[in-house]
Amino acid sequence: MGVGLTDSGVEDLASALSTNPSLTELTLSENKLGDSGVKLVSAALRNPECKIQKLWLMGVGLTDSGAEDLASALSTNPSLTDLDLSVNKLGDSGVKLVSAALMNPECKIQKLELYCVGLTDSGAEDLVSALSTNPSLTDLDLGSNSLTDRSVPALRRLILTHPSLKWILLYGNRFSETGRKELRPLRGFRPGLTVNI
């Protein structure tokens with residue numbers, strides 16, 4: 001968690017990531033990395049020697065402009081399976097970049113956390129479309145975004161057709177009672193599937 005790390009201190013860390021194949025988990029959450037710091041981490045992720053499996057970047061000041069570098073890294077790093085981008089200002093454009101990376105066969109993300117990233121119905125369409133082609137995904141957190149009933153058909157499609165999805169968190173969005181009624185029956189659709197509305 002937060003240790004006062006900024007973008008200027010990330011350069012040394014990124015260099016270490018590139019040359020340390022034994023490091024598999026990295027938590028940088030709640031540090032002021034900004035887009036420039038995430039860009040350095042992303043460059044390290046593109047190095048074949050980097051074997052990071054779990055990367056937590058919650059609340060690091062990432063925006064849509066920094067998401068492009070990260071998306072590029074996701075497309076080329078088959079080791080990364082757990083990614084937390086929660087509480088960053090990605091918006092639909094940033095999520096769209098991440099979504100494009102998820103469509104790459106090299107991307108093996110299993111757990112994706114996009115809690116409170118400014119996602120709306122428009123971005124949800126891109127995300128669902130991308131996730132539909134990513135068989136690795138098991139856990140998805142879309143809580144506390146701005147999704148409305150317009151997203152319900154796409155979310156239903158994802159839940160009903162994705163073969164490995166185990167849980168999806170949708171609490172804190174802007175669904176009406178009608179939208180919630182359409183989603184609630186999916187809770188018992190498949191053994192082992194959790195749908196949190």
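Things to note:
- Extension gain for Y171 to K54 (0.36 nm times residue separation, less C-alpha to C-alpha distance): 39.7 nm.
- Distance between the modelled labels on L193 and R157, one decimal in nanometres: 1.6 nm (7 Å Cα→Cβ projection).
- Per residue, in Å², the accessible surface of the chain once ligands and nucleic acids are set aside, probe 1.4 Å: 44
- Remark: the chain carries a charge dipole of roughly 840 debye about the Cα centre, counting +1 on each Lys and Arg Cβ and -1 on each Asp and Glu Cβ.
- When the surface is traced with a 1.4 Å probe over the full set of protein chains, L147 keeps roughly 0 Å² accessible.
- Longest DSSP-loop-exposure-free segment, chymotrypsin sites (Phe, Trp or Tyr not before Pro), the chain, at most 13 other Cβ within 10 Å: 1-170
- Estimated inter-spin distance, S22 and T148, nm [label 7 Å along Cα→Cβ]: 5.4
- Charge dipole (the chain, unit charges on Cβ, about Cα centre) - positive-most of L165, L23, L183: L183
- Unit charges at the beta carbon, dipole of the chain: most positive-side option, L90, L102, L33: L102
- Dipole magnitude of region 92-179 about its Cα centre (Cβ charges: Lys, Arg +1; Asp, Glu -1), debye to nearest 20: 180
- Out-of-range pairs (alpha-carbon distance over 29 Å; input K96/K166; K51/K96; K32/K54; K32/K166): K32/K166
- Full-extension gain in nm, S93 to S132, via 0.36 nm per residue minus C-alpha separation: 12.2 nm
- Helix axis angle, 34-45 relative to the chain longest principal axis, alpha carbon, degrees: 80
The values are calculated or read from the model by the stated rules, or taken from the named source; none is laboratory data. Computed from a predicted model, the values in this text were never measured in an experiment. Please note: Cβ atoms are built from the backbone with ideal geometry, for glycine as well, and neighbour counts cover all protein chains shown. Ligands, DNA and RNA are excluded from the accessible area calculation, which covers all protein heavy atoms including side chains. Shrake-Rupley method; radii C 1.70, N 1.55, O 1.52, S 1.80 Å.
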